[in-house]
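*Asks:* Below you will find the structure I want to go over with you.
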Amino acid sequence: MWKIIGTGITQAFNQRTIFRKLSFEIKSGESLVLVGPNGSGKTTLIRIVCNLLHPIEGKVEFYYGNQTKMAGQLYSSIGMVGPYLQLYNNLTAFENYAFFRKIRGLNVDHGHFKILMKKFGLAGREFDELRTYSSGMLQRMKYVCALLHSPPILILDEPVSNLDESGERIIYDVMEEQKRSNILIFATNNPEEIKFGDKKIRLAV
């Protein structure tokens, strides 16, 4: 079982405090939602949890069973989707999938790739360059790449950004499935999505 514990997390930019002394705990089978207006620090907190940004105070610790997991050991366990994460638009969907599988130390699995593409409504576009994809298709492809290693920890920033109704239903199913036995952390102000959170951190400007 995985556990993530955040203790006394404080962050500031240009002498402006974004948030102060935030603490939380979440384990496998639970979900945590971050809510708050634009500029309240939702994305900043997500980056801290993902070890992409260090807080000026406090810490985030990861545990698997009774073992502490260091930052360098987390890459194979986290999947992330956010508007600031980009794929390689001059490569095909399959080439992106193969690249991210390889850098995670995994063999390229053609059957698994086809299953994921079908799951996210991208069947038939496997060998098209991503520059030919719409914004909604690119968002779906981000999920293909985020889930290609079945991560026990899934972190989402604006989960259904750029998606139509059918795409939203697919992602909501993914979120529901993830929180059953794994960890789901996501940032949103959408009431339809907030309900997926078992625990909540409310941020303010």
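*Asks:* I need the shape label for segment 120-203. Rule: rounded when a/c is under 1.5, else prolate if a/b > b/c, else oblate, with a, b, c from the alpha carbon gyration tensor. Before the final figure, lay out the partial values.
*Replies:* Values: a/c = 2.27, a/b = 1.64, b/c = 1.38.
Verdict is prolate for segment 120-203.
*Asks:* OK, next. Using mean Cβ contacts within 10 Å as the protection proxy, how do 32-43, 55-66 order, highest first? If you can, show how the numbers build up before the last one.
*Replies:* Details: 32-43: 18.8, 55-66: 14.3.
Highest-to-lowest ranking by the protection proxy: 32-43, 55-66.
*Asks:* On full extension of the chain, what length is gained from T17 through T68, given 0.36 nm per residue of separation minus the C-alpha to C-alpha distance?
*Replies:* On the way: separation 51, 0.36 × 51 = 18.36 nm, distance 2.92 nm.
The span from T17 to T68 would gain 15.4 nm if fully extended.
*Asks:* In addition: Once every DSSP H run of n ≥ 4 in the chain is given -39500 (n - 2.57) and the sum is divided by its residues, what mean residue ellipticity at 222 nm do you get, rounded to the nearest 500 deg cm²/dmol?
*Replies:* Values: 6 runs with 63 residues, N = 205.
That comes out to -9000 deg cm²/dmol.
*Asks:* Any chance you could run the full-extension gain for R180 through V205? It's 0.36 nm times the residue separation minus the Cα-Cα distance, nm to one decimal.
*Replies:* Once the chain is fully extended between R180 and V205, it gains 5.8 nm.
*Asks:* Take the alpha-carbon positions of the chain, form their convex hull, and give its projected area averaged over all directions (one quarter of the hull surface) in nm². Display every interim value, and only then the final one.
*Replies:* Numbers: hull surface 45.9 nm².
If I average the Cα hull's projected area over directions, I get 11.5 nm².
*Asks:* While we're on this one: If the viscosity is 1.002 mPa s and the temperature 20 °C, what Stokes-Einstein diffusion coefficient in µm²/s follows for segment 1-57 when Rh is the Kirkwood radius over Cα pairs? Could you put the intermediate results ahead of the total?
*Replies:* Details: Rh = 12.1 Å.
Roughly 177 µm²/s, to the nearest whole number.
*Asks:* For segment 2-98, state what percent of all Cα-Cα pairs lands in each successive 10 Å bin, counting from 0 Å until the bin that includes the largest distance.
*Replies:* 13, 41, 30, 15, 1
*Asks:* Here is a follow-up. Suppose all protein chains stay in the model; what accessible area per residue would a 1.4 Å probe give for the chain, in Å²? Walk me through the intermediate numbers first.
*Replies:* Working: 10370 Å² over 205 residues.
Per residue, the chain has an accessible area of 51 Å².
*Asks:* Further question: Only Cα pairs within less than 10 Å get springs; with that Gaussian network setup on the chain, which residue of A71, A93, A146 has the largest fluctuation?
*Replies:* The residue with the greatest mean-square fluctuation here is A71.
*Asks:* Of all the accessible heavy-atom surface of segment 71-201, with the other protein chains kept in place and a 1.4 Å probe, what percent is carbon and sulfur?
*Replies:* On the way: 3120 of 6300 Å².
Answer for segment 71-201 is 50 percent, counting heavy atoms of protein chains only.
*Asks:* Just from the alpha-carbon atoms, what are the Rg and Dmax of segment 108-151 in angstroms?
*Replies:* My reading of the Cα-based Rg and Dmax gives 9.9, 28 Å.
*Asks:* Looking at segment 47-205 only, what percent of DSSP beta bridges run antiparallel? Nearest 5 please.
*Replies:* Numbers: 4 of 13 bridges.
Percentage antiparallel, nearest 5: 30.
*Asks:* Using the basic label-point model (7 angstrom from Cα toward the beta carbon), what is the K59 to E129 distance in nanometres?
*Replies:* Here the answer is 4.7 nm between the modelled labels.
*Asks:* Ignoring everything but the protein chains, give the 1.4 Å probe accessible area of Y97 in square angstrom, nearest 10.
*Replies:* Probe radius 1.4 Å; accessible area of Y97 about 0 Å².
*Asks:* With Cβ to Cβ distances under 15 Å as the rule, what net charge do the other residues near G124 carry (K, R +1; D, E -1)? Walk me through the numbers on the way to the answer.
*Replies:* Details: positive: K114, K118, K119, R125, R140; negative: E126, D128, E129.
After counting each charged neighbour, the total is +2.
The values are calculated or read from the model by the stated rules, or taken from the named source; none is laboratory data. Here the structure is a predicted model, which is why all the values come from computation and not from measurement. Positions of Cβ are backbone-derived with ideal geometry, glycine not excepted, and every protein chain shown enters the neighbour counts. Note: areas computed on protein heavy atoms with side chains; ligands, DNA, RNA excluded. Shrake-Rupley method; radii C 1.70, N 1.55, O 1.52, S 1.80 Å.
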